[in-house]
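Below is one structure; the comments refer to it alone.
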Amino acid sequence: MAAIVGAAGLESTLAAASNGKRLLLANKESLVMTGDLLKQAATQSGAEILPIDSEHNAIFQCLPITGSSLQATDYNGIEKVVLTASGGPFLNTPLEQLASVTPEQACLHPKWSMGRKISVDSATMMNKGLEFIEACYLFDLEPSQVDVLIHPQSIVHSMVHYADGSVIAELANPDMRVPIAYGLAWPERIRSGAAVLDLAAQEPLQFSKPDLQRFPCLRLGMEAAAQRGSAPAVLNAANEVAVEAFLSGEIGFTEISLIIEAVRSKIPCEATPSLAIIQDLDRQARTLSKELILKEFCRGAGA
């Protein structure tokens, strides 16, 4: 299982894919950074990629898989996939208050218990932006075939729309043991230890379109997905540095997206990058992000 957070998981994930392993992919950043290169490595070695992120695992469960992995998916009749998002802790916070939120507040996710970096990504919805990119690569979809819905209850983990008007969704309590068990036992099913979902006892399930003014990081992720090439790798690198700076108190919450957008505007996108180019651009984006934080965003800079 590839579950190291961030770009740090790239090397081991690529190694597993290149050596024909069954790869349970929870480290979305590896696929975001390398895109088709990771899938090509898996195809050449005969490795199987099984998505473990709850949203992509949900989509995987709703697809007409005919073999032992994503490589055996029949995509005929699929119109689009929908990623659901809780909206994080600031879904209804007045916009003018977002600049003053603290790392502690950003890490208080209403539904999931996660690490600090991922919790901040959920609060900015960059997590969903990265998942948007991941879905395009995993399921060979165009950005126009991927949608995002806010679903605060986190019961419907994602869904697939078919050409005949059918929508197939995967529902479960918000518990990562469910997708992990599905990946470990595939193609069988085993008990995960998660509580059984009682729909009659649930609050009403709500769905709405995301507000991209409230969540500019989601917009940036969607834009990088449309660009492809090296754009997602630069986006991810800038985000990792910006989130680290926010958690350490160097910048404010709303400055995370500003840093990412500034870095993306300064580093040209390579259409078909090699692994070496991706790694070099990752380093450039991190260096530039740190320079921008120090010179333009860091609290107390110039004092």
Given Cα pairs under 8 Å that are at least 6 residues apart, what percent is the relative contact order of the stretch 159-280?
-> 17
Pairs of lysines 8 or more apart, or on different chains, with alpha carbons under 27 Å: count those in the stretch 1-118, would you?
-> 8
How many times 2.2 N^0.38 Å is the alpha carbon radius of gyration of the stretch 229-290?
-> 1.09
Just from its helices, what would the mean residue ellipticity at 222 nm be for the chain, if runs of 4 or more DSSP H residues each count -39500 (n - 2.57) and the sum is divided by every residue, rounded to the nearest 500 deg cm²/dmol?
-> -13000 deg cm²/dmol
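Under the Kirkwood approximation applied to all pairs of distinct alpha-carbon atoms, what is the hydrodynamic radius of the chain in Å?
After inverting the mean inverse Cα-Cα distance, the result is 19.7 Å.
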Report the charge-dipole magnitude of the chain in Debye, nearest 20, computed about the Cα centre from +1 at each Lys and Arg Cβ and -1 at each Asp and Glu Cβ.
-> 420
Taking Cα pairs closer than 8 Å and at least 6 residues apart, the relative contact order of the chain in percent is 18
When only Cα pairs under 8 Å and 6 or more residues apart are kept, what is the percent relative contact order across the stretch 1-51?
-> 43
Order of 135-141, 233-239, 77-83 by packing, highest average Cβ count within 10 Å first?
-> 233-239, 135-141, 77-83
At 4 °C in a medium of viscosity 1.567 mPa s, the stretch 1-51 has a Stokes-Einstein diffusion coefficient, with Rh taken as the Kirkwood radius over alpha carbon pairs, in µm² per second, of 127
For the stretch 153-251, which trypsin sites (Lys or Arg not before Pro) are in a loop by DSSP, counting at most 10 other Cβ atoms within 10 Å?
-> 189, 191
Ordered by packing density, taken as the mean number of other Cβ atoms within 10 Å over each peptide's residues, highest first, how do 16-22, 113-119 rank?
-> 16-22, 113-119
Summed residue charge, Cβ within 13 Å of residue 185's Cβ, Lys/Arg positive, Asp/Glu negative = +3
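Values in this text are rule-based calculations from the coordinates and carry no lab data. Every value quoted in this text rests on a predicted model; they were computed, and no experiment measured them. FYI the Cβ positions are ideal-geometry reconstructions off the backbone, even for glycines, and counts take in every protein chain you see.
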